[in-house]
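The values are calculated or read from the model by the stated rules, or taken from the named source; none is laboratory data. Because the structure is predicted, anything quoted here is derived from the model rather than measured. Methodologically, a virtual Cβ is constructed for each residue, glycine included, from the backbone with ideal geometry; neighbour enumeration extends over all protein chains shown. SASA here: full protein model, heavy atoms, side chains in, ligands and nucleic acids out. Shrake-Rupley method; radii C 1.70, N 1.55, O 1.52, S 1.80 Å.
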Amino acid sequence: MFDLNGKTALVTGGGRGLGLEMAKALARAGAWTVINGRNRQTLEDAQKRLAREGVAVGIAAGDITRDVESIIADATEKTGQLDILIHAVGERDRRGTEAMGPDAFAALLNTDLTAAYAIARAALSYLRRSTAGRLIFVTSIAAFAARAGDPAYTAAKGGLSALTRSLAVELGADNLTVNAIAPGWFATETNAHLAADPALKAFVDIRIPLKRWGRPEEIAPAAVFLASPAASFVNGITLTVDGGMTVQM
């Protein structure tokens with residue numbers, strides 16, 4: 001039920017962090033997996049690191065805010081197909097409303113929301129031709145739980161979960177499922193300094209029932225599940241992977 005042999009997958013933001021963990025898991029499940037990011041050197045370093053672990057992946061370098069057509073072309077070059085698209089790109093601008101002008105707000109929405117729509121649209125003809133197309137957005141628990149001073153990211157991720165529902169309804173007749181994953185606090189390279197901060201330990205103990213940060217590899221099973229035949233009747237959901245953070249009062 002979790003076999004992805006014969007499938008081709010593209011993971012945007014796949015050169016590091018949660019995107020890389022998801023790409024590695026898809027490849028290990030049998031999919032020919034292509035990782036995307038803006039920096040080719042980062043992608044090549046990730047490719048070499050995975051090769052040392054016995055995992056082969058392809059590369060499609062490009063900026064998802066402007067290069068979506070070439071990214072899709074590179075991702076489909078080897079097999080001529082695309083069955084799974086995981087969009088894991090995201091940026092953050094932690095400025096409050098008074099500090100963030102409308103242009104900066106719009107720029108973050110362009111990267112975190114509009115680009116998601118653009119890459120999905122560019123991949124649509126391939127996903128529709130697949131016998132079991134899978135479109136998976138990586139949103140955030142910020143989609144439904146806000147923190148002060150973070151309006152643009154919260155709005156973008158909320159919009160991404162809404163886009164998931166909309167496309168699931170629109171595209172379901174094409175045997176194409178659309179779902180999202182909402183990660184909580186994960187100790188990625190970007191967050192390593194926060195995860196090691198003793199001052200945050202008390203907060204984590206109170207707010208996360210498992211009383212720890214997530215390990216990056218713990219996001220991978222959710223991605224494989226939603227991409228696999230096991231999720232053939234799962235459509236339009238946002239799967240939260242946060243150690244229980246958003247269900248605790």
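Suppose we keep only residues that are over 16 Å from the mean Cα position of the chain (by Cα) and assigned to a loop (DSSP other than H, G, I, E, B) within segment 236-249. Which one would you say is farthest from residue 176 (Cα to Cα)?
Among them, the one singled out is 249.
Of the residues 35, 64, which is open to solvent by less than 40 Å² (accessible area, probe 1.4 Å), part of a loop (DSSP other than H, G, I, E, B), of a type in the set (A, V, I, L, M, F, W, C) and out of contact with any Lys or Arg (no Cβ under 6 Å at 6 or more places or on another chain)?
Unique residue meeting the criteria: 64.
Can you work out which of the residues in segment 1-16 that are out of contact with any Gly (no Cβ under 8 Å at 6 or more places or on another chain) and at pLDDT 95 or above is nearest to residue 234 (Cα to Cα)?
Looking at the filtered set, the residue picked out is 2.
Applying the selection to segment 110-137, what residues are of a type outside the set (Ser, Thr, Tyr) and in a loop (DSSP other than H, G, I, E, B)?
132
Restricting to segment 163-196, what's the tally of residues that are of a type in the set (A, V, I, L, M), modelled with pLDDT of 90 or more and farther than 18 Å from residue 226 by Cβ?
Total satisfying the criteria: 2.
Return the only residue of 225, 233 being surrounded by fewer than 14 Cβ atoms within 10 Å (Cβ to Cβ) and over 13 Å from the mean Cα position of the chain (by Cα).
Residue meeting the stated conditions: 233.
Just wondering, is there one or more residues in segment 39-55 that are in contact (Cβ under 8 Å) with a residue 60 or more places away in the chain, assigned to a helix (DSSP H, G or I) and under 25 Å from residue 182 (Cβ atoms)?
No, segment 39-55 contains no residue that is in contact (Cβ under 8 Å) with a residue 60 or more places away in the chain, assigned to a helix (DSSP H, G or I) and under 25 Å from residue 182 (Cβ atoms).
Can you name every residue in segment 73-105 that is part of a helix (DSSP H, G or I) and either surrounded by 15 or more Cβ atoms within 10 Å (Cβ to Cβ) or modelled with pLDDT of 95 or more (or both)?
Of everything in segment 73-105, those that are part of a helix (DSSP H, G or I) and either surrounded by 15 or more Cβ atoms within 10 Å (Cβ to Cβ) or modelled with pLDDT of 95 or more (or both) turn out to be 73, 74, 75, 76, 105.
Go through segment 7-32 and report how many residues are open to solvent by less than 60 Å² (accessible area, probe 1.4 Å) and either closer than 19 Å to residue 112 by Cα or assigned to a loop (DSSP other than H, G, I, E, B) (or both).
15
Looking at segment 211-222, which of its residues are closer than 11 Å to residue 18 by Cα, outside any helix (DSSP H, G or I) and open to solvent by less than 60 Å² (accessible area, probe 1.4 Å)?
Within segment 211-222, 214 is the sole residue that qualifies.
Listed residues 116, 142; which is free of Cβ contacts under 8 Å to residues at least 40 places away in the same chain, open to solvent by less than 30 Å² (accessible area, probe 1.4 Å), closer than 29 Å to residue 72 by Cβ and not polar (S, T, N, Q)?
The conditions single out 142.
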